[in-house]
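The structure appears below as structure tokens.
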Amino acid sequence: MAGKSARDMILSLIAVMAAGLVIYWFIPHGSGGNGVHAVEYDAAVQSARRAAPYPVLAPVGLSKGWKATAVEYDGSDAADAEWTLGFIDPNGQYVAVRQSNGPEAAFLADATTDGVKQAATSTVDGAVWSHYQGDRYRALVLRTAKGTTAVTGTESFADLETFAATLK
């Protein structure tokens, strides 16, 4: 009886290990990817442009290697509509354009991760953008009569300026 019991345990162990190998074989793993999941944003830009109470900005003519990773328009409150379009750039850094027509202080605290306004400014296509520096992100901020735009990310201010110049 003891021999049959040990044999049954060994056969059960082999069956469980075989099932585990089959599952392991069919589950994707170790593909060498960076974990970034690109999203399509063209339709969202068009939709946001129809709905937003301000001109929605999106980059035009980005070089190969830029991957959109976040796109969202929240127009549930017409007095506080927010647009976000985020990317991972070819250097692996995060860059986003965020816009709002809502209360500026709350929007900037969120968009710049509690960034502090710096003395420096940048001029991009004739518009003067303020510099903000946060713990994790830098931001260029442009105020207009219709709202506030922040180009934010982990890139340098110079690279944020280059991205801001692509916004149309």
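So here's what we get for this one:
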{"item": "Test: residue in the range 8-28 that is at pLDDT below 85, out of contact with any helix residue (DSSP H, G or I) (no Cβ under 8 Å at 6 or more places or on another chain) and under 24 Å from PRO90 (Cβ atoms)", "result": "no"}
{"item": "Residue in the range 89-107 that is over 22 Å from TRP129 (Cβ atoms) and either surrounded by fewer than 18 Cβ atoms within 10 Å (Cβ to Cβ) or among the small types (Gly, Ala, Ser) (or both) present", "result": "yes"}
{"item": "Some residue of the range 69-79 being in contact with a Gly (Cβ under 7 Å, 6 or more places away or on another chain) and surrounded by 21 or more Cβ atoms within 10 Å (Cβ to Cβ)", "result": "no"}
{"item": "Residue match in the range 112-134 (condition: under 27 Å from VAL39 (Cα atoms) and in contact with a strand residue (DSSP E or B) (Cβ under 6 Å, 6 or more places away or on another chain))", "result": "yes"}
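The values are calculated or read from the model by the stated rules, or taken from the named source; none is laboratory data. Remember, predicted model here, so these are calculated numbers, not experimental data. Here Cβ is always computed from backbone atoms with ideal geometry, including for glycine, and neighbour counts include all displayed protein chains.
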